[in-house]
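No value in this document is a laboratory result; all are computed from the given coordinates. Note that the coordinates shown come from a computational prediction; the quantities given were computed from them, not determined experimentally. Quick reminder, even Gly has a Cβ in these numbers, built from the backbone with ideal geometry, and neighbours come from all protein chains shown.
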Amino acid sequence: MPEVEYTTTLNLSREEIWDFVKDMNNWAPFLTGYQKHEVLNETDSIWTLKGDVGVLARRVELKAHVTEWSGPAKVAFTLTGINEPVDGGGELCMTECAAEAPATALATAKPASLLRRILDAIARFFFRRAHGAGPARLAAAAPGVGSRLTFTLRMEAKGTTAPLVNAMLGPAMLPAAEDLANKIAAHLEAARRPR
């Protein structure tokens, strides 16, 4: 199952981030390809997105089910395709920055293969071409200051075209995850900025 994770650092407490994230109506329009969403109840909603994966452009309806509300640390959810055979899930996590530099935490991550880095660069190029530059951000927080917002997303296509769609889906999801986290961060930073 293709999975991506993106982390950004903000000069805000995790409680300030949580106050915004805990209401999906605040950040739903920041999703790439957002068309609309409908809240069914406290844990379920229907999301309509227009997705571009390579040469495929589709309008996708997903049922989102919140599996965990753990404020101010985490919201986790599952996704089930309504009009397309896809399943997935993800989470938004807010953590306080540790005293060590972010590079220390990332140093243990396995480096991506050359092919994966090339595919990611191509996907990012076409994503930015289709959706414009990412949101303007303030300077990143110094190590040990502020909080981290991490967005993790997993999606897997089912059916006869699944291998092809999943091969394109992985690289296409990373810029979308990056975009969502940075749009939330840019919005919160702008709201806090003195006028």
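Quick look at the values:
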read-out	value
Karplus (6.51, -1.76, 1.60) ³J(HN,Hα), θ = phi - 60°, over the range 19-28, in Hz, Gly and Pro reported as x	4, 7, 5, 5, 10, 4, 5, 5, 10, 3
Two-decimal Rg to Rh for the range 1-40 - Kirkwood Rh, Cα set	1.03
Loop trypsin sites (Lys or Arg not before Pro), the range 3-67 (other Cβ atoms within 10 Å of the site Cβ: 16 or fewer; DSSP)	LYS22
Calculated FRET value between GLU61 and ALA190, using beta carbons and R₀ = 22 Å, to 0.05	0.10
Kirkwood hydrodynamic radius over Cα pairs of the range 16-90, then Stokes diffusion coefficient at 25 °C and 0.890 mPa s, in µm²/s	188
